[in-house]
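Participant: Shown below is the structure under consideration.
The values are calculated or read from the model by the stated rules, or taken from the named source; none is laboratory data. Computed from a prediction, not measured in an experiment: that's the story for all the values here. All Cβ positions, even for glycine, are placed from backbone atoms using ideal geometry, and neighbour counts span all protein chains on display. Remember, those area values only see protein heavy atoms, side chains included, never the ligands or the DNA or RNA. Shrake-Rupley method; radii C 1.70, N 1.55, O 1.52, S 1.80 Å.
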Amino acid sequence: MRLARTAGRPLMASIPDRSPIQEVFMPLALSLRRARPASRVLAAALLACLCLGVAACGGGSHKKPSASATKPPHVGGTPPTARKPFPGRPNIVFVLTDDLSSDLVRYMPHVLAMERHGLTFSNYFVSDSLCCPSRASIFTGDFPHDTHVYGNFGTRGGFQAFHRRGEESRTFAVALKRAGYRTAMMGKYLNGYGQVAGQGHIADGAATDVPPTYVPPGWNEWDVAGWGYPEFNYTLNEDGVLHRYGHRPNDYLTDVLSRKGVKFIDDAARRHHPFFLELATFAPHSPYTPAPVDKHDFTGLRAPRPPSFDVLPTHPPEWLAPHPPLTHKRLARINWAFRRRAQAVQAVDRMIGRIEQTLSADGLSRSTYLVFSSDNGLHNGEYRLMPGKLTAFDTDIRVPLVVTGPGVKPHSTTNKMSENVDLAKTFTALGGTTLPGDGHSLKSLLNGKSPPRWRDAALIEHQSPPLRVRDPDYQQPASGSPTTYEAMRTDAFLYVEYADGERELYDLRTDPFELHNIAGRLTDRQLARLHAGLRALERCHGGKGCWRAMHVKSLRLSAHT
């Protein structure tokens, strides 16, 4: 079996399913990156010997490893040691990435360690697979139809709409700060923030009258960049004072956030105050800029090839149907993008490791929740689409959510339906306070309880105003531009209604990769029931009303529909 090597890192890049050898020794191989040449040779030899030993015990088998074999040993940081809820108010560290799809988690050893030490949500979705609407839902706990943030810029999107509507006064940060928490926001806030007339990187209609030194309510510390996608040459608003960062390796934005996050935790520990820290990276968003130390990693890595790769579903909607098979040139671009994104998340993963180590050194591991997620996913060759988002397919709306902390059972998974609108109420519930909103707290699931009647459906809302060329999420037609739609995702099916009258229905029990649109087989009665269920979600407001609308057991369809 050929090993693809790069910068001291062995990786079976040409094999989609990793062997037990990879799962066990990839973290050790990752650690060789910074070793001195002599030490690297010795360590590599040791690694080879260990691999031979595992192979001799069956590790060289070509069979797919079991679920237990796909969990690597602990790497970096210190796992939470508490098995009972911490008696005081807990701290919360929220790591929110940008455009991180689930297929990148396998390249993040510290996140894999979080899965072993905590709870993984296997059915976690976003309310819109677009940055700003999703982040607005995360901050407030409201669906886009209540935040009225439907895009990244313009009168109905971005920071401009969020600020103009007064949504900043209704965030979890305001509630937690009022409850006595020290709060910090670092990295990416909302699209359009910090972009004023006369500065670069302004999308049409994005400039605001809000000064670039503006700090929203609810935050004790504010270290936010307006345009940090390139990871270099950006301006950081540090508590109302603008600081310009250059292009030196030490200026790499994700690493800067890591250092600032560590300092905030150290300061909060000395103050003996509970704290909330959000570390919102721009990585791995395009232009997919890795840290200098990672830019040669994963030689030969190709994008995954699931059954939906370079395939159209049957009876595709009008916006998708014209897409031709991927050319060799486009396949090369897809592979390049995936490799760069895998490189870019290495700095995020190291940041998580540094946060874990800091919490341990400060004696806070037992009293701190660490939450990892993404604002949306990304398709990368699936359904013949070039890298992009915005669709209702699982590639775009289903993202990682992993939580460790006091009272969280190690190595646990829940398939309970959850959504980004739940995070605000979860954070405030953990902090001993409340917040109105459309979502529902996940606190009971974190505590290992399984409520007898949980929700069955998630709502996804997307409006398709034309993306502007200067929008960081601007997509070429080859990446897909769905018509405005509303969608209902349950554990059994995905149902989509488009503004032009088209519909999609995928039976996920028999078609998990969403390849067979069976909406045309439905009777008028079935369509009416699905439409009524979706309409109830679209029109819900507030926790109680939306919770009722999210229960759609009666809409389960026959497997032979």
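Participant: Only one residue in ARG354, ARG333, ARG384, ARG340 is at pLDDT 95 or above and in contact with a helix residue (DSSP H, G or I) (Cβ under 8 Å, 6 or more places away or on another chain), so which one is that?
Facilitator: Only one candidate qualifies: ARG354.
Participant: If I ask for residues that are at positive phi and without any contact (Cβ under 8 Å) to a residue 24 or more places away in the chain, which ones from the stretch 131-185 would you list?
Facilitator: Selection gives HIS148, GLY166.
Participant: Of the numbered conditions (1) surrounded by fewer than 15 Cβ atoms within 10 Å (Cβ to Cβ); (2) in a loop (DSSP other than H, G, I, E, B); (3) at pLDDT 95 or above, ALA532 satisfies every one except a single condition; which is it?
Facilitator: With respect to (1) surrounded by fewer than 15 Cβ atoms within 10 Å (Cβ to Cβ); (2) in a loop (DSSP other than H, G, I, E, B); (3) at pLDDT 95 or above, ALA532 is out only on (2).
Participant: Just checking, how many residues over the stretch 136-162 are out of contact with any helix residue (DSSP H, G or I) (no Cβ under 9 Å at 6 or more places or on another chain) and surrounded by fewer than 24 Cβ atoms within 10 Å (Cβ to Cβ)?
Facilitator: Of the residues in the stretch 136-162, 1 are out of contact with any helix residue (DSSP H, G or I) (no Cβ under 9 Å at 6 or more places or on another chain) and surrounded by fewer than 24 Cβ atoms within 10 Å (Cβ to Cβ).
Participant: Go through (1) touching a Leu at 6+ places or on another chain (Cβ under 9 Å); (2) surrounded by fewer than 19 Cβ atoms within 10 Å (Cβ to Cβ) one by one and return the number of the condition THR281 breaks.
Facilitator: Single failed check for THR281: (2).
Participant: Can you find, within the stretch 538-553, the residue that is surrounded by the fewest Cβ atoms within 10 Å (Cβ to Cβ) among those that are at pLDDT 95 or above and touching a strand residue (DSSP E or B) at 6+ places or on another chain (Cβ under 7 Å)?
Facilitator: Filtering first and then ranking leaves GLU538.
Participant: Shifting gears a bit: Select from the stretch 100-113 the residues that are closer than 17 Å to PHE125 by Cβ and open to solvent by 10 Å² or more (accessible area, probe 1.4 Å) and list them in ascending order.
Facilitator: Result: SER102, ASP103, VAL105.
Participant: Looking only at the stretch 286-296, decide whether some residue is in contact with a strand residue (DSSP E or B) (Cβ under 8 Å, 6 or more places away or on another chain) and surrounded by fewer than 22 Cβ atoms within 10 Å (Cβ to Cβ).
Facilitator: Yes, the stretch 286-296 contains at least one residue that is in contact with a strand residue (DSSP E or B) (Cβ under 8 Å, 6 or more places away or on another chain) and surrounded by fewer than 22 Cβ atoms within 10 Å (Cβ to Cβ).
Participant: Could you list, in sequence order, the residues of the stretch 256-273 that are under 21 Å from the mean Cα position of the chain (by Cα) and either over 18 Å from LEU370 (Cα atoms) or modelled with pLDDT under 95 (or both)?
Facilitator: VAL256
Participant: Then there is this: Consider only pairs whose beta carbons are under 9 Å apart and that are at least six residues apart or on different chains; among these, list those whose first residue lies in the stretch 237-250 and is farther than 14 Å from VAL293 by Cα and whose second residue is assigned to a strand (DSSP E or B) and of a type in the set (Phe, Trp, Tyr).
Facilitator: Between residues of the stretch 237-250 that are farther than 14 Å from VAL293 by Cα and residues that are assigned to a strand (DSSP E or B) and of a type in the set (Phe, Trp, Tyr), the close pairs are ASN237/TRP222; GLU238/TRP222; ASP239/TRP222; GLY240/TRP222.
Participant: Filter the stretch 396-446 down to residues that are among the hydroxyl-bearing types (Ser, Thr, Tyr), under 18 Å from the mean Cα position of the chain (by Cα) and buried (at least 24 other Cβ atoms within 10 Å of the Cβ), then give me how many there are.
Facilitator: Selection size over the stretch 396-446: 2.
Participant: Oh, and also: Condition test on ALA487, is it in contact with a Lys or Arg (Cβ under 7 Å, 6 or more places away or on another chain) and either of a type outside the set (S, T, N, Q) or free of Cβ contacts under 8 Å to residues at least 40 places away in the same chain (or both)?
Facilitator: Judged against the criteria, ALA487 is not a match.
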